[in-house]
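Notes for the one structure printed next.
Read-outs throughout are calculated quantities, based only on the coordinates presented, and are distinct from any laboratory measurement. Predicted model, so just to flag it, every value in this text is computed and none were measured. Note: ideal-geometry Cβ built from the backbone for every residue, glycine included; neighbour counts use all protein chains shown.
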Amino acid sequence: MHIAVALIKSGQRVATIDLDARQKSFTHFIENRRAWARQIARDLQIPDHFGFGKVHYPTAEDEAAGCKALTDAVYTLSRSYGVVLIDTPGHDSYLMRLAHSLADTLITPLNDSFVDLDALGTVDPRTFEVTGTSHYSQMVQEARRQRHLDQASADWIVLRNRLSTISSRNQRLVGGGLQQLSRWLDFRCIEGSAERVIFRELYPRGLTAVDDVDEVTLGVRPTMSHVTARLEMQNLLGAILLGGLRSSAATTGHNRAMG
């Protein structure tokens with residue numbers, strides 16, 4: 001959501017798709033934003049949003065139809081929008097895998113722990129050296145191989161999320177493992193946002209850290225936490241978008257770590 005709002009503020013037309021038909025966190029975020037915009041009578045930047053997928057166990061025919069529908073939707077939207085941003089569920093599904101193969105940019109938020117690092121690779125319990133890759137990273141590699149020959153390889157970003165402001169041995173070890181995996185798997189590892197309560201407090205109003213820091217928009221008097229979170233997110237978005245999101249990009253955020 002931070003990326004979508006930042007891109008709209010920069011002048012991009014943004015469409016968003018929520019593939020998590022069960023949890024719908026992304027959809028609820030946007031619904032909260034619409035409701036808050038009405039309540040404060042402000043024109044908050046809101047992407048054109050589309051839900052997608054059904055909660056059921058699909059047949060082979062359903063999967064084929066679903067894949068065609070998602071592919072057609074991304075193609076159609078990319079003709080009218082500068083960026084199509086897709087939020088994928090944490091569990092494996094045929095639509096999640098297809099979204100990864102369509103994306104020009106992949107963003108994987110990862111909490112700063114060995115529990116979440118396990119989604120990318122395994123480590124030796126004695127030395128903490130990386131010993132292999134895991135299911136999700138193997139799926140990403142396969143999705144990258146499925147891209148058409150005339151398409152560039154997807155830019156994969158692993159975002160270290162909820163970082164402690166105090167350096168620790170665990171933080172250094174996880175960082176070392178990610179650096180090793182980044183060379184194996186060809187992804188960019190970016191230091192993400194710190195563990196801040198303010199990010200959770202913004203969700204019920206559908207706000208992001210890149211929104212205007214004033215009392216009307218926030219609904220409360222701005223604090224240094226708001227200002228710090230805004231500066232941190234601006235720096236983070238600059239690092240994420242460093243490679244440049246191509247026109248007609250399909251961007252997918254794998255939601256395992258975010259929940």
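Key figures for this structure:
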{"read-out": "Gain upon complete extension [residue 24, residue 39; 0.36 nm per residue less C-alpha separation]", "value": "3.2 nm"}
{"read-out": "For the range 2-254, share of DSSP beta bridges that run antiparallel, in % to the nearest 5", "value": "10"}
{"read-out": "For the range 2-254: rounded, prolate or oblate by the Cα gyration tensor [a/c cutoff 1.5]", "value": "oblate"}
{"read-out": "For the chain, built as a Gaussian network whose Cα springs stay under 10 Å, the top-fluctuating residue of 112, 20, 48", "value": "48"}
{"read-out": "For the chain, with +1 on Lys and Arg beta carbons and -1 on Asp and Glu, the positive-most of 83, 123, 225 along the dipole", "value": "225"}
{"read-out": "Burial order of peptide ranges 138-147, 37-46 (average beta-carbon count within 10 Å, highest first)", "value": "138-147, 37-46"}
{"read-out": "Spin-label pair residue 145/residue 224, simplified geometry with 7 Å Cα→Cβ offset, distance in nm", "value": "5.2"}
{"read-out": "Relative contact order (%) - the chain, alpha-carbon pairs under 8 angstrom, separation at least six", "value": "28"}
{"read-out": "Relative packing of 24-32, 169-177, 99-107, which averages over residues the other C-beta atoms within 10 Å, highest first", "value": "99-107, 24-32, 169-177"}
{"read-out": "Under the span-like rule (Cα at least 18 Å along the axis, Kyte-Doolittle mean at least -0.5), DSSP H helices of the chain", "value": "60-78, 224-240"}
{"read-out": "Dipole magnitude (debye, nearest 20) for the chain, charges at Cβ of Lys, Arg, Asp, Glu", "value": "320"}
